[in-house]
Amino acid sequence: MIEAEEFETVAETTRPHRLQRVLVLVLIAALMVLPLWVYPVLLMKLMCFALFASAFNLLLGYGGLLSFGHAAFFGGSAYATAHALKVWEVTPELAILAGVGAALVLGLAMGLLAVRRQGIYFAMVTLALAQMFYFFCLQAPFTHGEDGIQGFSRGRLFGLIDLSDSTVLYYVFAVVFVASIFAIWRIVHSPYGMILQAIRENEQRAISLGYSVQRYKLGAFVLSAGFAGLAGGLKALLFQFATLTDVNWHMSGEVILMTLLGGIGSIAGPIVGAGLVVTLQNYLATTGFPVTTALGATFIVCVLLFRRGIVGEFRHRLAVRRKP
Amino acid sequence: MMMAKVSARIAPERARAALSARGLSKTFGNFQAVKDVDIDILHGRIHALIGPNGAGKSTVFNLLTKFLQPSAGTIMYGETDITRMAPADIARLGVARSFQISATFGDMSLVDNVCVALQRPNGLAVQFWRPLSSLSRLRPRAMELLGRVGLADMADHRAADLSYGRKRALEIATTLALDPKVMLLDEPLAGMGQEDVERMARLIADVAQGCAVLMVEHNIKVVADIGHDITVLQRGEILTQGNYAEVSADPRVREAYMGTEDDD
Ligand SMILES: Nc1ncnc2c1ncn2[C@@H]1O[C@H](COP(=O)(O)OP(=O)(O)OP(=O)(O)O)[C@@H](O)[C@H]1O
Ligand SMILES: [Mg+2]
């Protein structure tokens, strides 16, 4: 009698990987030719936010931790990148590196204080710490308060490639974006990612197997902060300014929205979610329609229709159909 | 006075105890769940912890492995005082436990469940840059462990889809993967069919030759068959300790626990 139930196993593990691989190649090819039809700056902005949401999802979807403070890493890195370009006048790759470094340090500091907390308390601690960072940015002289850091040029990549041309910049972004998504995918599908999944599924059991779960969570937090920082640095490079908007708690809320909309726990989910939100924002900005209201409404509709997020719902339907 | 007597009796044993506790106590609010428990788990032996529902057996487990902080008492692992250690650190010393409520990684396959346990001892737990295929060298050992508990042919099934008894078997395989020096099993045979109970009891007896085992078990026949030392717990206190003959001869035990168990 127990047998029947056991043989119903979902064949999820034997999913055709070849189809996925082809799909990924098609998407990369699309990324290469898309600027022929779509405004490259919009596409680059999309990549920034898709990367930001993917970084966030690394923590929420794979680490099981809901952070309310990711704006600190995104915006903090944007400031560091802008500062490095404007004041230190370094090459753009070093500026981005400075941004990522700042995000990693911030991530380590915030993570050390937050990973001891569970669930909603974790979210509250990250929010509180990010707000402290916001006020720091508001007061600190190098951020130039309300004006932000602006009026710098993108410089030359490795001192050679001029990034003022937006087509050149686009291909640099595309390479960094694809590499970063691959890196996130690799982290998720690594020995460490396996332990992260185990902790998410049964924390007590993981502890009993000798895993100091807080250290693994801290690792996920710092990695996530690093990629969020990369996204923020790219954004500063793209728009050539860094302002308080990037460290504001709205930004933390927006990345949560994007990720939940697309669906947590898959690589595609946050990318789709970010794409949707950014496109919508972009479109609405030209109509004079209140952006926040529209986003909120979209979010409510999506949550009601697809609890698993867009990609999650799609995958679920596919899995159900595959079952005999 | 009484303390002196107890420690005099237990002192020579403590020298070879793999895991031992003295005066172990736990209060929840003003409810005393565990009261002044002394216990020695010896290498190469199976120690059965028995007692009626709510006696505090699982709480003792949680205290010994530090999943709960004792209100009083000390815990020694060999010569090391582990009373203040974190549970993961205790596990790393070689104290492996299972849980009364099956604890498996539900969305993972059986073989991955065991692999997760093998990753840390094999130094493959923190590499976030390496592909999953780097874990394939753990697979033969994982398959061997699954074979020992009779689950080899289900290795690629999802753990969540297993029946209750088989989840217990998977938990034992996962626990064995740690190569423990002390193994604590909370009702490892619950929900298993007669055939599996016998196989698992034999496996535990076999494993116990190389480590110390503490197990909570309601199946008195198994306790009689493979248990060497028995502690009877009642309302958080030790009613009696000894071998099966001694314990089962105790009229209080017959009345409080075994009398009712015989009816099942
Ligand atoms: N976290 C807790 N908070 C409050 N009371 C608790 C807690 N854990 C256990 N108890 C109480 O302590 C007592 C002992 O519980 P425990 O689970 O240790 O019993 P047990 O001997 O394992 O019983 P069973 O045979 O049912 O598994 C019970 O009365 C239980 O309600
Ligand atoms: Mg119990």
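Would you pull out the residues with amide H under 5 Å of B:ALA212's amide H, same chain only if 5 or more places away, H placed 1.01 Å from N?
Under 5 Å from the amide H of B:ALA212 lie the amide H atoms of B:GLY44, B:VAL182, B:MET183, each far enough along the sequence or on another chain.
If amide hydrogens are placed 1.01 Å from N in the peptide plane, which non-local residues have theirs closer than 5 Å to the one on B:ASP186?
Here the answer is B:SER98, B:PHE99, B:VAL216, since their amide H atoms fall under 5 Å of that of B:ASP186.
When a footprinting reagent is the concern and you count Cβ atoms within 10 Å, what order do B:THR80, A:THR91, A:THR259 take, fewest first?
Taking fewest neighbouring Cβ atoms as first place, the list is B:THR80, A:THR91, A:THR259.
Post the alpha-carbon centroid distance, segment B:210-252 to segment B:62-110, in whole angstrom.
21 Å
Can you count the Lys pairs in chain B with C-alpha separation below 20 Å, eight or more apart or on different chains?
Count of close lysine pairs: 9.
Bin by bin, in steps of 20 Å, what percent of the Cα pairs in the protein assembly as shown do you find, going until the bin that has the longest distance?
18, 42, 27, 11, 1
Please give, to one decimal in nm, the separation of the simple spin-label points placed at B:ALA224 and A:LEU160, each 7 Å out from Cα toward the Cβ.
For the pair B:ALA224/A:LEU160, the computed spacing is 8.3 nm.
So what is Rg over Rh here for segment B:105-161, counting just Cα atoms and using Kirkwood for Rh?
0.97
Just need the relative contact order of segment B:105-161 here, percent rounded to a whole number, with Cα pairs under 8 Å and 6+ apart.
62 percent
Hey, how many Å between the Cα centroid of segment A:240-254 and the Cα centroid of segment A:137-197?
A separation of 15 Å, based on Cα centres.
Along its three principal axes, how long is chain A when you only count alpha carbons? Whole Å, largest extent first please.
Here the spans come out as 72, 46, 41 Å, largest first.
Mind checking which lysines have their Cα closer than 23 Å to the Cα of A:LYS45? Skip sequence neighbours fewer than 8 apart in that chain.
Cα-Cα hits under 23 Å: A:LYS86, A:LYS235.
Could you give me the ³J(HN,Hα) list for segment A:95-108, computed from phi with Karplus coefficients 6.51, -1.76, 1.60 and θ = phi - 60°, whole Hz, x at Gly and Pro?
Along segment A:95-108, the couplings run 5, 4, 4, 4, x, 4, x, 4, 5, 5, 5, 4, x, 5 Hz.
When only C-alpha pairs under 8 Å and at least 6 residues apart count, what is the relative contact order of chain B, in percent?
So the answer I get is 26 percent.
Starting from the Cα of A:LEU25, move 7 Å in the Cα-to-Cβ direction to define the label point; list residues of segment A:255-279 whose amide nitrogen is under 20 Å from there.
Correct set: A:268.
Since every read-out is calculated from the coordinates, none of them should be taken as a lab result. Computed from a predicted structure; not experimentally measured. Glycine also receives a Cβ, built like all others from the backbone with ideal geometry; neighbour counts cover every protein chain displayed.
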